[in-house]
Ligand code: BV8
């Protein structure tokens, strides 16, 4: 793909970008997610039905964050963030903190973050480390037992959708890294980008469900393919921005 003239970039990442750091992806061979069915831990109904199970699931994943490190893909995306002269927005579906720990700044978590909590009593959101459990007290209003993970579950509206849509409409290049294309609205971003005239590139271990919608698909491990792509992009000619 010819990257000359590219100015505005949107990058979407999924669990595949964190796989080489040791974090499980959602759709492993057994279809379970850390031993759970998604519908048992990743919906508001599941939280109402069995809050202890949902807290246990997220407490375990939050604890695991302390044992993993960003990998070469996170670091390459952070380098691109620092060096790219045009607009750049990294939209991650992931709730881990590996992009920020690698140094990415122009970043948003459309599905929330393990390191954030949400008090249903006062609607405040605040940072959280360590276990949450059912009895945690809100640092803002003091209520006990009304705090949930600040995570977007199935059936809930992802965060910052307007900001994402605006960035996609302005994008000259949309790149999807390490996602199966199984979940909407993220899986539909490539269509918006294409419709608005962007070039589209997929980087994934294997072709995703939406591979056919991309101009180009590069298969391989993110830790290898993403750094090579960032080098290629940073060396491309930026002098003549695409006229939009
Ligand atoms: C909403 C946070 C509306 C939780 C997540 C029918 C049709 C279309 C849509 C729907 C439908 N029925 C229901 C819906 C909507 C639903 C949906 O899309 N369902 C799917 C299952 C059909 N979506 C929603 O509910 C969303 N909200 O629609 O709201 C609305 C409107 C108005 C008002 C209110 C609401 C919300 C969805 C968000 C759910 N939360 N995550 C948590 O993390 O705990 S979803 C979760 O799965 C992820 O965040 C991600 O978004 C999604 C997909 O996961 P991936 O990241 O892609 O991971 P996966 O394992 O699937 O794939 C990994 C890929 O990496 C693989 O392809 C693999 O090959 C590759 N890989 C592996 N290793 C590597 C690698 N690649 C490179 N290198 C490697 N080393």
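The values are calculated or read from the model by the stated rules, or taken from the named source; none is laboratory data. Being a predicted model, the structure only gives us computed values, none of them experimental. So basically every Cβ, Gly included, is an ideal-geometry build from the backbone, and we count neighbours across all protein chains shown.
Closer than 30 Å to residue 238 by Cα and at pLDDT below 95: does that describe residue 5?
yes
Quick one: in region 163-185, which of the residues that are assigned to a loop (DSSP other than H, G, I, E, B) and more than 14 Å from the ligand (Cβ to nearest atom) is nearest to the chain's Cα centre (by Cα)?
Going through the qualifying residues, I end up with 171.
Would you pick out the residues in region 89-107 that are within 21 Å of residue 24 (Cα to Cα) and buried (at least 17 other Cβ atoms within 10 Å of the Cβ)?
If the condition is that a residue be within 21 Å of residue 24 (Cα to Cα) and buried (at least 17 other Cβ atoms within 10 Å of the Cβ), then 90, 91, 92, 93, 94, 95, 96, 97, 98, 99, 100, 102 are the ones that fit.
Surrounded by 13 or more Cβ atoms within 10 Å (Cβ to Cβ) and more than 16 Å from the ligand (Cβ to nearest atom): which single residue out of 83, 113, 135, 124 fits that description?
124
Is there a residue in region 166-177 that is free of Cβ contacts under 8 Å to residues at least 60 places away in the same chain and at negative phi?
yes
Go through (1) modelled with pLDDT under 95; (2) assigned to a helix (DSSP H, G or I) for residue 59 and report which single condition fails.
For residue 59, the exception is condition (1).
Table: residues versus (1) within 14 Å of the ligand (Cβ to nearest atom); (2) under 19 Å from residue 128 (Cβ atoms); (3) in contact (Cβ under 8 Å) with a residue 12 or more places away in the chain.
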residue: 7; (1), (2), (3): no, no, yes
residue: 11; (1), (2), (3): yes, no, yes
residue: 19; (1), (2), (3): yes, no, yes
residue: 24; (1), (2), (3): yes, no, no
residue: 52; (1), (2), (3): no, yes, yes
residue: 61; (1), (2), (3): yes, yes, yes
residue: 68; (1), (2), (3): yes, yes, yes
residue: 72; (1), (2), (3): yes, no, yes
